[in-house]
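A.B. asks: Take a look at the following structure, please.
A short reminder: the numbers here are calculations on the coordinates, not readings from a lab. Computed from a predicted structure; not experimentally measured. Cβ coordinates were reconstructed from backbone atoms using ideal geometry, including for glycine residues, and neighbour counts include every protein chain displayed.
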Amino acid sequence: MRNTEPTSADRAYTTVKELIVSGELPGGELISEGQIAARTGTSRTPVREAFLRLAAEGWMRLYPKRGALIVPIAPDEAAHIVDARRLVETGSLAAFADDAATRSAVADLMRASLDRQRALADDGDALRFAAEDADFHTLVVTHGANPLLSTFYSGLRDRQRRMTTNSVARNPTAWASIVDDHTRLTALVEQGDVAGFEVALSRHMAATHSLPHSRGLS
């Protein structure tokens, strides 16, 4: 029988990635294998494997004998992620926009998420708020019933969480604005207004992440 237990390298990978996503390891910081080995209680070998995997995914850059640099969120990366999300989420809504029952069911799930977001905002829990934000947007994609788009979108999840955690930590007013925007997006989903949803989504993401509003959308 195949062993499905996570290896030491898996645990080191998960730990470091979560530290990056949460902002505890900010972009531009240089860390060593020894620091992470001490933190995770493992030897340097699994940490080295984890670093290689994270570097391949673009989360860090490796410098022999110096350590690993946490890659900051570049402005062009943020813009590309936002553009990709807009296309996937809008396309997913278009797939069920004519189905009133599905629209209503998704809107109900979105409203339940909104309740959780408000509670997390009240608690000031940026990390869990960012995770709930990601789950909220994923609801539309999941109900678009396109497994290829869902898989692609899930690959953006951790980068989306990192961006949102960054944004709410940087701007205390962002929490309320995000929830207000999500409330509007929920209403547009329930109405099946694909064009309105795309415009509102674009504005929401641009404002949240301090990016220019997408060209061609007004």
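A.B. asks: Work out Dmax and Rg for the stretch 151-213 from the C-alpha atoms and quote the Rg first, both in angstrom.
C.D. replies: So, for the stretch 151-213, Rg and Dmax equal 12.4, 33 Å respectively.
A.B. asks: Shifting gears a bit: Once you charge only the Cβ atoms, +1 for Lys and Arg and -1 for Asp and Glu, what is the size of the charge dipole of the stretch 8-70 about its Cα centre, to the nearest 20 debye?
C.D. replies: Dipole about the Cα centre, nearest 20: 240 debye.
A.B. asks: Further question on the same structure: Send over the Kirkwood Rh of the stretch 75-208, from the inverse of the averaged 1/r over different Cα pairs, rounded to one decimal Å.
C.D. replies: After inverting the pairwise mean of 1/r, the radius is 14.7 Å.
A.B. asks: Direction-averaged shadow area of the convex hull around the Cα atoms of the stretch 1-130, nm²?
C.D. replies: 12.2
A.B. asks: Using the Cα centre as the reference, give the magnitude of the dipole from point charges on the C-beta atoms of the stretch 143-189 (Lys, Arg: +1; Asp, Glu: -1; all else neutral), rounded to the nearest 20 debye.
C.D. replies: Charge dipole of the stretch 143-189: 180 debye, to the nearest 20.
A.B. asks: Span-like helices, the chain: DSSP H, alpha-carbon axial extent 30 Å or more, mean Kyte-Doolittle -0.5 or greater, which ones? Could the numbers behind the result be given before it?
C.D. replies: Details: long enough: 75-96 (32 Å, 0.12); 100-123 (35 Å, -0.32).
Span-like helices here: 75-96, 100-123.
A.B. asks: Still on this structure, I have one more. Please report, in Å, the Rg and the Dmax of the stretch 8-70, where both are computed over Cα atoms only.
C.D. replies: In Å, with Rg to one decimal and Dmax whole: 10.1, 26.
A.B. asks: Tell me which of THR45, LEU19, THR7 sits at the most positive position along the dipole axis of the stretch 3-50, charges placed on C-beta atoms (Lys, Arg +1; Asp, Glu -1).
C.D. replies: THR45
A.B. asks: Right, another one. How many angstrom lie between the Cα centre of the stretch 162-214 and the Cα centre of the stretch 70-133?
C.D. replies: So the two Cα centres are separated by 8 Å.
A.B. asks: Something else about it: How high is the FRET efficiency from GLN35 to ASP115, r the C-beta distance, R0 35 Å, rounded to 0.05?
C.D. replies: Working from the Cβ atoms, E equals 0.35.
A.B. asks: Same structure again: Remind me, relative contact order of the chain in percent, using alpha carbon pairs under 8 angstrom and six or more residues apart?
C.D. replies: Working: 252 pairs, mean separation 46.3, N = 218.
Once normalised by length, the contact order is 21 percent.
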